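Worksheet: one structure, shown below.
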Amino acid sequence: MPASYSAKELTGRVITHLAAKGSKSERQAVFLETADKSSYLLRRRGGNPFFDPILQKLVGKTIHCKGILTEHTYIISDWSEVKG
Amino acid sequence: MTDKVIVTNLTALKEKYKGNAFKAIQTAVNELIAADKVRRLTTILVPLDDPKVMKKLKATPVKNPSSCRQNKKAIDGIYQALVPDYMMILGAIDVIPHQDMKNPLFSDDPEGDNEKFAWGDLPYACDAPYSQEILDFSGPSRVVGRLPDLTGQTDPDYLVGLLKTASTWKSSPKSEYQSYLGISAEKWKESTAESITNIFSSSDDLQTSPKEGYKWKSDFINRRMHFINCHGGDTYPDFLGQSSTDDEDMPVSHQAAFLGKKGRVVEGTVVAAECCFGGQLYDPTAADKGQMGMCNTYLGMKAYGFLGSTTTAYGPFSGNDQADLICQFFLRRVLDGASLGRAALEARQRFVERTSPLSPMNQKTLAQFNLYGDPSVVPVSTATSTLVVAPKVKSLGLAAKSLSKSKAEAKAVEIAGAAERADRRETLRAKGDLLSRLQPDMNKTETITSAQAKSSLKKIMSQLNLRPLKESFSFNVQSQSTAPLMAKNPLAKGISKAIAAKKQSTTAFHVMFGRPAGTETKAIAKGPGSKSMTLAATGTKSAAKSAAKAAKQSPIRKFVVLEAKEVDGKIVSVKEAHSK
């Protein structure tokens, strides 16, 4: 895997769908879907990577967030809801 | 003669550790080399970025530290020049990268396996040149391990500590390694119990999460063998359990911060972790509270070795396959008295042997599991029948352990030990070569090629009460005759020919994803954990019936991977891999 991570700010809609199908990590995961239809597996820094009730509450909302992008996950440390 | 080579990239190390920090690491490496000498191992450090040193070895130096191709070529050159019994990679992935093997299960489907690469050190353990195809590395033959520092970090204390552990290790009697800490997600306890029984002959002490964990009492955490079958996450330090009745009940089962406190891990602990990302070497600054990963934490607490995965791992609910197998093979070899490096090599070879021809899931498993720790460490001391011919006749095992100051005895032990090791290495090399040549070539096609296979899989899906998803693909297998690899006398030739005529060959693997019919909503499991099985293509009715019943009882099994094995154009068995 790449040894370093990049800081990233993104805006998108929080959605859920299945991730890592058929693996030991298969789960309904939370994703951030951006306007260009890119999809990022979302995790809250310090949050449970498999089921985080705080992220679950954001599902369906559009948020602007700050975090770091690893090879597989967007780990967010700060976010705000985008209204309208 | 060089017994052990430590390879590192000095340019990359100096980038991380400036001035005195770098000197502290140099001193610790020199101490390890001196300690190895006392153990009768001749160890040298080879900086694979140093053109002068590499020229002497007729090897190509690394110019770009992050280049997988260059690092593979450099290590191959060093190996060819020195043919060491042990090769230790010094540093994390920002010093010498994991190799970028393509994940055969990769899918663009956001619900599938989105990992392009199954990162790992497997290619460094193989003679095949740089490649991104896992099947090119199906014949591992070298004893390799990695002593990692912390990715992205600049404080030398961590790596100096690991080098010190590698300098001062001691073997212990087998009895010290026969009790274990075994942790399983409750949902997978059946499979974990089988693995643990295979290693330790009993699974009575298996702990399941929930309800147990993560504050393990010293009676458990102080045991020297740890086997963990839990969830793990990308850039996440802890492992998680999972309830067998509620999928969303996923408490922390094993916490890196808890382990990282004094007295929690006993020096000499050996770990095999099946968990996804259990062996990922991430930069701790990316994690909450800067917590380093589980693998780094264990090694920092003086564990001798850790076998873990860089990426998402696979395995069944019950029975053993994929990650279960490679982890248990490793611990079994450690218990039998192998060095960590040999245990890892033999585990890889056994895995290929057991699962050949390698299906896509097993290819990924082979690639993603790595040994972290000094490969020359021998945790378990075992009696040996070999007697050393020295002034006093002694058992090789005991003489090697006593580190005698008598020069004559030391020399005799060195010669006898090296001779035994050389014989083992020769056998392992031959076995690796044979395994590699036995492995058929495979070509992936983005859809299931055979109409009959597709129809059969759909039928099985239906029998299992599953609805096939769009995503499916095939691996066409070009099986070859093993006759040319066999003995050449006329009788053996004749037998090989007869076997070849009789043998049915695997012609393809077909992979189909599906979900239980009528379970479209969010997963909330209320039923019992469901089974995983290999189904014979015939006689599946009762199994299918119980699977369908289980699927209805347990809506958590929404998605399943079916991996069908086709022999001579007919599907003969199907492996059903669930989210564990």
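The values are calculated or read from the model by the stated rules, or taken from the named source; none is laboratory data. Note that the coordinates shown come from a computational prediction; the quantities given were computed from them, not determined experimentally. All Cβ positions, even for glycine, are placed from backbone atoms using ideal geometry, and neighbour counts span all protein chains on display. With ligands, DNA and RNA removed, areas are computed over all heavy atoms of the protein, side chains included. Shrake-Rupley method; radii C 1.70, N 1.55, O 1.52, S 1.80 Å.
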(message) Can you give me the angle between helix B:490-502 and the longest principal axis of chain B, using Cα atoms only, in degrees from 0 to 90, rounded to the nearest 10?
(response) 30 degrees
(request) Distance between Cα centroids, the stretch B:353-374 to the stretch B:276-332: provide it in whole Å. (result) 14 Å
(message) How much of the DSSP bridge set in the protein assembly as shown is antiparallel, in percent, rounded to the nearest 5?
(response) 65 percent
(message) Tell me the total accessible area that B and A bury against each other, 1.4 angstrom probe, in square angstrom rounded to 100.
(response) 3300 Å²
(request) Determine the alpha carbon to alpha carbon distance for each of B:215/B:302; A:8/A:61; B:16/B:289; B:56/B:364; B:503/B:575; B:18/B:215 and list only those over 27 Å. (result) B:56/B:364; B:18/B:215
(message) For chain B, take the longest principal axis of its alpha carbons; what is the angle in degrees between that and the long axis of helix B:451-463, to the nearest 10 within 0 to 90?
(response) 80 degrees
(request) Sort out for me the Cα centre separation of the stretch B:10-72 from the stretch B:163-220, rounded to whole Å. (result) 35 Å
(request) Please give every one of the aspartates and glutamates within straight-line cross-link reach of residue B:431, meaning a C-alpha to C-alpha distance under 13 Å, and leave out same-chain neighbours fewer than 8 residues apart. (result) B:127, B:346, B:353, B:423
(request) Using only the alpha carbons of the stretch B:256-370, determine the length spanned along each of the three principal axes and report them from longest to shortest in whole angstroms. (result) 43, 32, 24
(message) Per q in 0.07, 0.08, 0.12 Å⁻¹, report the Debye log10 I(q)/I(0) for chain B, using one uniform scatterer on each alpha carbon and no solvent.
(response) -0.42, -0.56, -1.23
(request) For the protein assembly as shown, state the average projected area of the convex hull of the C-alpha atoms over all orientations, rounded to one decimal in nm². (result) 30.9 nm²
(request) Could you estimate the translational diffusion coefficient of chain A from the Stokes-Einstein equation, with Rh from the Kirkwood formula over C-alpha pairs, at 20 °C and 1.002 mPa s, in whole µm²/s? (result) 165 µm²/s
(request) Work out, in µm²/s and without decimals, the Stokes-Einstein translational diffusion coefficient of the stretch B:39-166 at 37 °C, 0.692 mPa s, Rh from Kirkwood over C-alpha pairs. (result) 206 µm²/s
(message) Nearest 10 degrees is fine. How inclined is helix B:541-553 to the longest principal axis of chain B, computing both from alpha carbons?
(response) 90 degrees
(request) Calculate for chain B the 222 nm mean residue ellipticity that helices alone would give, adding -39,500 (n - 2.57) per DSSP H run of length 4 or more and normalising by residue count, nearest 500 deg cm²/dmol. (result) -11000 deg cm²/dmol
(request) Taking each pair of different alpha-carbon atoms in the stretch B:15-105 once, compute 1/r for the pair, average those values, and report the inverse of that mean as the Kirkwood hydrodynamic radius in Å to one decimal. (result) 14.6 Å
(message) Which residues, if any, in the stretch B:91-135 lose at least 30 square angstrom of accessible heavy-atom surface (probe 1.4 Å) when the other protein chains sit next to their chain rather than the chain being alone?
(response) B:93, B:110, B:111, B:119
(request) Enumerate the aspartates and glutamates that residue B:392 could reach by cross-link, defined here as Cα to Cα under 14 Å, with residues fewer than 8 away along the same chain left out. (result) B:409
(request) Take the Cβ-Cβ distance between residue B:451 and residue B:408 as r, set R0 to 51 Å, and report the resulting FRET efficiency rounded to the nearest 0.05. (result) 0.10
